[in-house]
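Working notes, beginning with the structure itself.
Bear in mind that the values in this text are calculations on the coordinates, not laboratory data. Values in this document were obtained by computation on a predicted structure and should not be read as measured data. All Cβ positions, even for glycine, are placed from backbone atoms using ideal geometry, and neighbour counts span all protein chains on display.
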Amino acid sequence: MFGYLWRTSWQTIVWVLIIGITSGLGSAALIATINQALSVPSEALLGQFVGLCALVLLSETLSFSLTSRLSEATIYKLRIRISQLILGSPYPNLQKLGKAKLLANLTTDIATLSQAFMLLPEICIHGAVVVGCLAYLAWLSWQMALVLTGIIIVTVGTYRLLTQAPGRAFVKAREEYDKLGQSFRHLTEGIKELKLHAERSRDFMTRSLAASAENHRRLTLFANVTFMLANKYTFLVYYLAIGLILFGGLWHQAAPEVVSGYVLVLLFMTGHLAGLTHSLPAFVTARIALDKITQLGEALQTEPLGTPNAPLPKQWATFQSLTLDEVTHSFHREKENRRFTLGPINLEFRPGELVFLVGGNGSGKTTLAMLLMGLYHPELGEIRYNGVRISAANRAAYLQQFAVVFADFYLFDELFGFDADKITYKLMDYLERLHLQHKLTLNNGRFSTTALSQGQCKRLALLVAYLEDRPFYIFDEWAADQDPEFKELFYTELLPELKAKGKTVLAITHDDRYFHLADRCITLEEGQIKAIDYPPVTTPRPMVEFGEY
Ligand SMILES: Nc1ncnc2c1ncn2[C@@H]1O[C@H](COP(=O)(O)OP(=O)(O)OP(=O)(O)O)[C@@H](O)[C@H]1O
């Protein structure tokens with residue numbers, strides 16, 4: 001952890017060290033002054049005492065504020081860095097990691113680091129005082145300091161041995177926390193299903209949540225208690241050393257002020273040593289958290305997406321064609337121990353086309369849509385947008401060509417990415433057309449509510465997609481939970497209007513009543529294109545323009 005801090009902010013650390021050492025030496029000098037004053041008090045010593053008190057207080061305050069600023073800045077940078085890595089990482093990487101793991105990294109690990117960083121200022125002060133005191137002890141009597149150094153080396157060695165097992169327990173406890181996080185996700189997202197089935201609820205609690213919580217409790221308790229015992233062992237040795245100086249043979253050769261100095265300094269150091277040893281478990285867990293965050297960083301950095309704001313290739317100014325050439329993508333189905341393979345798929349999309357993608361459950365419709373919009377990457381074959389091959393370098397920019405309403409869409413309560421003032425008029429009109437004008441309003445770019453029915457939420461997601469105004473629209477079973485009136489509106493008005501505006505629309509649907517409205521119906525079966533139908537052209541209905549301003 002200190003290595004990480006050194007790499008990120010070595011200049012501040014150098015200052016912290018200089019001030020910390022000043023503070024430590026000041027404390028040691030203060031003790032030396034007190035020791036001298038106990039034997040021969042004088043006015044000169046009083047002045048020295050006051051000056052040293054001021055120096056110690058000032059340097060401790062400075063050291064505290066510097067380390068606090070450093071730790072808060074490091075936590076801030078980590079939070080932003082991880083979030084940016086998540087945003088910049090290819091979607092399959094994130095899918096592999098899973099939401100529970102990502103959340104645990106973003107919340108628990110960073111909180112653990114934060115707690116350890118909060119201790120840094122005190123640790124620096126304690127460490128500096130201990131080092132200063134040891135230097136003073138060496139100055140008082142190098143022979144006794146030599147004996148003390150021997151005792152310290154043996155104690156630190158045995159302490160490290162004793163704390164290996166609790167260190168491993170902390171690592172296992174953190175692994176267990178990942179499982180616990182997954183259970184918490186089940187608990188919050190599946191609460192309705194759990195409430196409705198007492199047996200399921202009990203079984204879930206016993207075998208999943210409570211089991212992980214119990215393992216976590218047991219491992220953490222073992223680690224904390226063993227660390228505490230190891231700390232007590234170091235203090236036992238420490239008191240033995242004081243006893244040796246006071247009652248053993250060592251003091252007979254030493255001058256009385258040396259002995260009193262030793263005992264005084266060792267007693268003064270007790271609090272500072274306790275401060276150091278008590279915070280060790282926090283630093284062990286912080287190191288584990290940092291390892292987890294580093295691993296996450298490495299996993300997220302594999303094949304990062306290009307920047308979404310990179311200038312688009314010249315050929316992308318207006319959409320002309322999107323081609324899938326021998327594209328395949330496969331999933332390993334662990335439980336069935338076999339693979340699902342989509343493709344090879346050959347397709348071309350042109351501006352102003354309305355395409356329906358149909359097929360049974362699990363036939364690969366969503367997978368094909370995800371490949372098309374660039375969230376999944378082809379294993380074989382290539383995708384070309386206006387003739388330009390999509391690769392890692394331009395994928396982020398490619399993603400910006402699509403407005404999508406996913407089957408498991410997510411609705412932000414705020415219109416991020418839009419200038420609220422510029423779109424208010426447009427938005428009010430869309431709200432009215434989607435029969436949402438009495439349900440919500442937009443206040444300073446924020447929706448007044450998102451507590452809507454599932455169908456209404458989907459209408460709001462459609463509205464946001466409209467505002468995005470992209471060349472390619474993809475709807476994954478948008479109409480599935482709409483009432484017949486809105487289904488009709490969607491297929492007979494909204495989709496044709498988008499088409500009339502030159503947008504290309506791919507709608508995944510099971511609504512065969514409306515298949516005749518598509519320019520093309522692509523049917524998938526077991527990951528393969530089974531048929532492509534071109535319904536006969538129907539007389540277009542008179543249309544009210546949607547979104548023309
Ligand atoms: N993340 C994933 N990991 C492993 N397998 C997956 C994953 N996503 C989809 N699959 C598998 O790929 C196949 C196609 O899934 P897909 O979601 O594309 O089907 P679909 O046609 O959209 O189905 P539905 O109509 O039910 O939405 C399924 O058999 C599924 O098991």
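When you take every Cα atom in the range 391-519, what is the radius of gyration, and what is Dmax, the widest Cα pair distance, in Å?
Rg then Dmax for the range 391-519, in Å: 14.9, 45.
When a footprinting reagent is the concern and you count Cβ atoms within 10 Å, what order do Phe418, Phe402 take, fewest first?
Least crowded to most crowded, the residues run Phe418, Phe402.
Gap in Å between the Cα centre of the range 357-415 and the Cα centre of the range 108-131?
Computed from Cα coordinates, the inter-centre distance equals 46 Å.
Hey, what do the phi angles of the range 75-81 turn into as Karplus ³J(HN,Hα) couplings, whole Hz, using 6.51/-1.76/1.60 and θ = phi - 60°, x for Gly and Pro?
4, 4, 4, 4, 4, 5, 4
Please figure out what share of the DSSP beta bridges in the chain is antiparallel and state it in percent, rounded to the nearest 5.
Antiparallel: roughly 55 percent of the beta bridges in the chain.
Cα-based count: Lys pairs in the range 145-302 below 27 Å, eight or more positions apart or different chains?
Close lysine pairs under the 27 Å cut-off: 5.
Could you let me know the centre-to-centre spacing of the range 1-80 and the range 420-485, using Cα atoms, in angstrom?
Each part reduced to its Cα centre gives a spacing of 58 Å.
Which order do Ile152, Ile191 fall in if you start with the one that has the fewest other Cβ atoms within 10 Å?
Final ranking by Cβ density, sparse to dense: Ile191, Ile152.
Please tell me the relative contact order of the chain in percent, rounded to the nearest whole number, where contacts are Cα pairs under 8 Å and at least six residues apart.
15
About its Cα centre, what dipole magnitude does the range 314-533 give when the only charges are +1 on Lys and Arg Cβ and -1 on Asp and Glu Cβ, stated in debye to the nearest 20?
The calculated dipole for the range 314-533 is roughly 440 debye.
Return Ser23, Ser39 ranked ascending by Cβ neighbour count within 10 Å, so the fewest neighbours appear first.
The fewest-first ordering by Cβ neighbours comes to Ser39, Ser23.
Lysines within cross-link reach of Lys422: Cα-Cα under 26 Å, excluding same-chain residues under 8 positions apart?
Excluding near neighbours in sequence, the set is Lys439, Lys458, Lys499, Lys501, Lys503.
Would you report the distance distribution of C-alpha pairs in the chain as whole percents per 20 angstrom bin, up to the bin with the largest distance?
The percentages, shortest bin first, are 16, 36, 25, 16, 6, 0.
Report, to the nearest 10°, how far helix 454-468 tilts away from the longest principal axis of the Cα atoms in the chain, using its own Cα long axis and a range of 0 to 90°.
Once rounded, one gets 90 degrees.
Does anyone have the angle between helix 110-140 and the longest principal axis of the chain? Alpha-carbon axes, 0 to 90°, nearest 10?
So the helix axis and the longest Cα principal axis differ by about 20 degrees.
Lys530: which lysines have alpha carbons under 24 Å from its alpha carbon, excluding same-chain residues fewer than 8 sequence positions away?
Here the lysines satisfying the reach criterion relative to Lys530 are Lys365.
With viscosity set to 0.692 mPa s at 37 °C, what whole-number translational diffusion coefficient in µm²/s follows for the range 314-533 from Stokes-Einstein and a Kirkwood radius over Cα pairs?
179
Under the 0.36 nm per residue contour assumption, what length would be gained going from the current alpha-carbon distance of Asn224 and His197 to full extension?
Using 0.36 nm per residue and subtracting the Cα-Cα distance, I get 6.0 nm.
Using only C-alpha positions, report the orientation-averaged shadow area of the convex hull of the range 2-301, nm², one decimal.
That works out to 19.4 nm², a quarter of the Cα hull's surface.
Going 7 Å from the Cα of Gln301 in the Cα-to-Cβ direction, what parts of the range 80-95 have a backbone nitrogen less than 17 Å from that spot?
In the range 80-95, the label zone of Gln301 (backbone N under 17 Å from the point 7 Å along Cα→Cβ) covers 80-90, 93-94.
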